[in-house]
Amino acid sequence: MKIKLIMIGKTTGKLYVDAINDYISRIEHYNNFTIHIIPGLKNTKKLSQEQQKQNEGELIQKELNSSDKVILLDERGTEFRSIEFAKWLEHKQQTTQRLVFVIGGPYGFSDNIYQRSDEKISLSKMTFSHQMVRLIFIEQLYRACTIIKGESYHHE
C-alpha cells in the first residue's frame, strides 16, 4: 500500500522539520510514504474563511486519484488509541492501494473535500498548532508501523 500525506503550508521551525524528517525516514522502511506540501495561499486578507477553504480544497482535489481512500485529520473525526490505529492501518493495508491523509489549512476543509473524504480521524480533543499536528501524526504513523510489525517501539 502507498501512503500519501497532503499538508497545506510549509512546516516551519527547525525542531519540527528535523523531527518530521526523522520519522519520515523511519516510516519509509515499512511503507511507500510520500508527503505533498501545498503552498499556503497568498493575499488571504481579502478572502473570507469560506473562500480560503474553497481555494485550498481545489488544490487538494488536484492531488487525489479517484481510487484513493481519503482520510481527513479533523477535530470531529474518530479518535483512536495507538493500538487501535495500528489495527485500522493494518486493515487498510490489506484493502487499499493508496491511502491519502490530509491536514487542512487554518480553517479546516471545504464542503467538497468533506464530501470526497472516506473517513475523518481526530488526534485529540485538544487543539494543536498545525506544526504540532504534523509531527504528532507522523510519529503515530511510525508507531502504528512498529506495532503492526511487533517491534518494541510502543509499550503498553
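Our estimate of slack between K10 and S82, defined as 0.36 nm per intervening residue step minus the Cα-Cα distance, is 23.3 nm.
State which stretch of the chain is the longest one without any exposed trypsin sites (Lys or Arg not before Pro), exposure meaning a DSSP loop state and at most 13 other Cβ atoms within 10 Å.
The answer is 82-124.
Solvent exposure of D111, expressed as accessible area, is near 100 Å², computed with a probe of 1.4 Å over the protein chains only. Here's the list of lysines a cross-link from K69 could span, going by alpha-carbon distance under 26 Å and ignoring same-chain residues fewer than 8 apart: K2, K4, K10, K53, K87, K92, K120, K125, K149. Accessible surface calculations at 1.4 Å, restricted to protein heavy atoms, place the chain at 57 Å² per residue.
Rounded to the nearest percent, how much of the accessible area of the chain (1.4 Å probe, protein heavy atoms only) is carbon and sulfur? Carbon-and-sulfur percentage of accessible area, whole number: 48. At an R0 of 25 angstrom, the distance between the Cβ atoms of H29 and S124 translates into a FRET efficiency of 0.40. Each of S117, M132, I147 was placed along the dipole of the range 52-152 (beta-carbon charges, centred on the mean Cα), and the one lying farthest toward the positive end is I147.
Report the semi-axes of the equivalent ellipsoid for the range 46-109 in whole Å, largest first, where each axis is √(5λ) for an eigenvalue λ of the Cα gyration tensor. If you can, show how the numbers build up before the last one.
Values: eigenvalues 144, 51, 7 Å².
Semi-axes from the Cα gyration tensor: 27, 16, 6 Å.
Put L15, L47 in order of accessible area, highest first, and with a 1.4 Å probe you get L15, L47. In terms of its C-alpha gyration tensor, the range 68-156 has an oblate overall shape, because the principal axis ratio a/c (a ≥ b ≥ c, square roots of the eigenvalues) is not below 1.5 and a/b does not outweigh b/c.
Here E156 and K62 are evaluated by their C-beta separation; at R0 = 35 Å the FRET efficiency comes out at 0.25. Length gained on full extension, N55 to K69: 2.9 nm, using 0.36 nm per residue less the C-alpha separation.
Among the protein heavy atoms, those of V102 account for about 0 Å² of accessible surface (1.4 Å probe, every chain in place). Overall shape: oblate for the range 87-136, with the ratio a/c of the largest to smallest alpha carbon gyration tensor axis at 1.5 or above and b/c at least equal to a/b. In a simple Cβ point-charge model (Lys, Arg +1; Asp, Glu -1; nothing else charged), the chain has a dipole of about 340 debye relative to its Cα centre. Ranking E84, E56 by solvent-accessible area of protein heavy atoms (1.4 Å probe, all protein chains present), from largest to smallest, gives E84, E56.
The values are calculated or read from the model by the stated rules, or taken from the named source; none is laboratory data. All of these numbers come straight from a predicted model, not from anything done at the bench. Cβ atoms come from the backbone with ideal geometry, glycine included; neighbour counts cover every protein chain shown. Remember, those area values only see protein heavy atoms, side chains included, never the ligands or the DNA or RNA. Shrake-Rupley method; radii C 1.70, N 1.55, O 1.52, S 1.80 Å.
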